[in-house]
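Novice: Got a structure for you, written out below as C-alpha cells; questions coming shortly.
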Amino acid sequence: MVLNPGRYKFPFLFFLLIPACITLYSQRIIEVKYETDARGGYIFSCYNYAYCNYILDLGFTSFTNLKSDQPLPFHREVKPGYTKLFTISAIDPQAPVQFKFNTANQKGCMHPVISQDFIYLLPISPGKNAQVYEMSPMKPTDSASWYVLRLKMKPGDTIYSARKGVVNEVQDQNATNDAGQSSIGTENFIEIVQPDCSFAHYAILKKSSAMVKPGQSVKAGQPIGLVGGDSFGRGADLKFSVYYYQEESPSAGNNRILHYVVTQIWTKNNGKGKLKHGAVYISEFPPAVLNQEITKATPKKKATKK
C-alpha cells in the first residue's frame with residue numbers, strides 16, 4: 001500500500017482479500033482504521049491523538065458492490081480519542097467488492113461561534129508593563145487575514161494564559177532565539193484550544209521553559225512559560241495571537257479559511273479594548289475577567305420537613 005506524500009490527503013485502494021483488522025493510515029494526529037464485523041461489514045473508525053477537535057473528510061472515488069450506513073462522502077468533526085465513523089457492506093455478498101478513497105483533516109470545528117468581544121488578559125505578570133506592537137498586513141477590523149500582538153519583554157519574563165483552555169501543542173526545544181539569532185519557522189510556542197474552538201498562540205518561548213504540557217487544562221492567568229531571547233542581540237518578544245478556522249459552504253467545497261481575532265484585552269487604567277500600536281500597557285488580572293468562563297454551581301435546596 002503506497003501512501004500519498006501530501007500532508008493531509010491519503011488515497012487507498014481496497015480489494016476483497018484482507019485481514020480482519022487493518023490500519024489504513026497513521027500519522028501523528030489522526031489514525032483511521034477498519035475492522036470486519038460478524039456480518040462481513042467493514043467498520044471504519046478513527047483515533048484523534050490531538051487535544052482539540054478535528055474535521056475529517058473521507059470520500060470514495062471508487063465504490064463497487066458496496067453500501068454505507070451513513071451518508072457519503074463522510075464529513076464530520078471528530079473529538080479527541082476514539083470515534084466510530086461508519087460501516088460499509090457488500091450489496092451482493094457473493095460478489096467481490098472494491099473501493100478507493102481520499103481523506104483529509106483539519107484542526108478546529110466546522111461552525112465555531114467566536115465572540116469577538118471576549119475579554120482577554122494581557123498575558124504578562126500583573127503590575128508589569130510592556131510596549132505593544134500590532135503585526136498585521138492591513139488595518140485590522142473584527143477579523144483579519146492575520147493579526148499578532150508583539151509585546152516587548154525581557155528574557156525570562158513569565159508568560160500567562162490570557163484565557164482558559166486545554167494545551168494542544170508545545171514546542172520549546174529550539175535555542176536559536178535565545179542565542180540572538182532569527183528563529184522564523186522554528187519558534188518555540190504553546191498553542192491552547194479555547195472553549196469556543198479558537199486557538200491561542202504564545203511565542204517565543206525560552207528553550208525548555210514550558211510550564212504546561214499537551215492535554216493539560218489551564219486557567220486564565222496561569223503561568224505557562226518563559227519568554228526567550230537574549231539581552232544584547234535581537235532582544236525578547238512575546239507574540240500573542242488568537243485564530244480559528246471557518247468552513248465555507250458545501251457549494252464552495254467545504255474549504256476552511258483561517259481567521260485571526262482582533263483581541264479585546266483588559267489592561268490597568270484602560271479596561272477592555274483593542275490595544276494601540278506602540279502604546280505601553282500595564283497588566284491587571286481582575287476577578288471579573290479571570291472568572292468570566294467559570295460556571296457557578298447552583299446551590300442545592302434544603303429539604304423541608306413535613
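Novice: Given R₀ = 30 Å, FRET efficiency for Trp146-Thr295 by Cβ-Cβ distance, to 0.05?
Specialist: About 0.40, to the nearest 0.05.
Novice: I'm a student and want to see the number: the projected area of the Cα convex hull of region 19-131, averaged over all directions, in nm².
Specialist: The orientation-averaged projected area of the Cα hull of region 19-131 comes to 10.7 nm².
Novice: Testing the spin-label approximation: label points 7 Å from Cα along Cα→Cβ at Tyr47 and Glu77. State their distance in nm.
Specialist: Spacing of the two 7 Å Cα→Cβ label points: 2.3 nm.
Novice: Got a number for carbon plus sulfur as a percent of region 32-182's accessible area, 1.4 Å probe?
Specialist: With neighbouring chains kept in place, the figure for region 32-182 is 49 percent.
Novice: Would you tally the net charge around Ser283, using a Cβ to Cβ cut-off of less than 15 Å, leaving Ser283 out, and scoring K and R as +1, D and E as -1?
Specialist: +4
Novice: Strictly greater than 15 Å: what percent of every Cα pair in region 74-120 meets that?
Specialist: 69
Novice: Could you calculate the contour length gain from Ile282 to Leu258, that is, 0.36 nm times the residue separation minus the distance between their Cα atoms, to one decimal place in nm?
Specialist: Residue separation times 0.36 nm, minus the Cα-Cα distance, leaves 5.6 nm.
Novice: Give Lys152/Lys206; Lys164/Lys206; Lys107/Lys219 a once-over and call out the pairs whose C-alpha atoms are over 24 Å from each other.
Specialist: Where the Cα-Cα span goes over 24 Å, no listed pair is concerned, since all stay within it.
Novice: To continue, here is another question. Can you work out the FRET efficiency for the pair Lys268 and Lys154, with r the C-beta to C-beta distance and R0 = 25 Å, to the nearest 0.05?
Specialist: Efficiency, from the Cβ-Cβ distance: 0.85.
Novice: Another one. Any chance you could run the full-extension gain for Glu35 through Glu248? It's 0.36 nm times the residue separation minus the Cα-Cα distance, nm to one decimal.
Specialist: 73.4 nm
Novice: List the aspartates and glutamates whose Cα lies under 19 Å from the Cα of Lys276, skipping any in the same chain that are fewer than 8 positions away.
Specialist: Answer for Lys276, where 19 Å is the Cα cut-off: Asp117, Glu134, Asp142, Asp237, Glu284, listed by chain and number.
The values are calculated or read from the model by the stated rules, or taken from the named source; none is laboratory data. Not measured: the values here are computed from a predicted model. When we count neighbours, we look across all protein chains shown, and the Cβ atoms used for this are built from the backbone with ideal geometry, even at glycine. Accessible surface areas use protein heavy atoms only, side chains included; no ligands, DNA or RNA. Shrake-Rupley method; radii C 1.70, N 1.55, O 1.52, S 1.80 Å.
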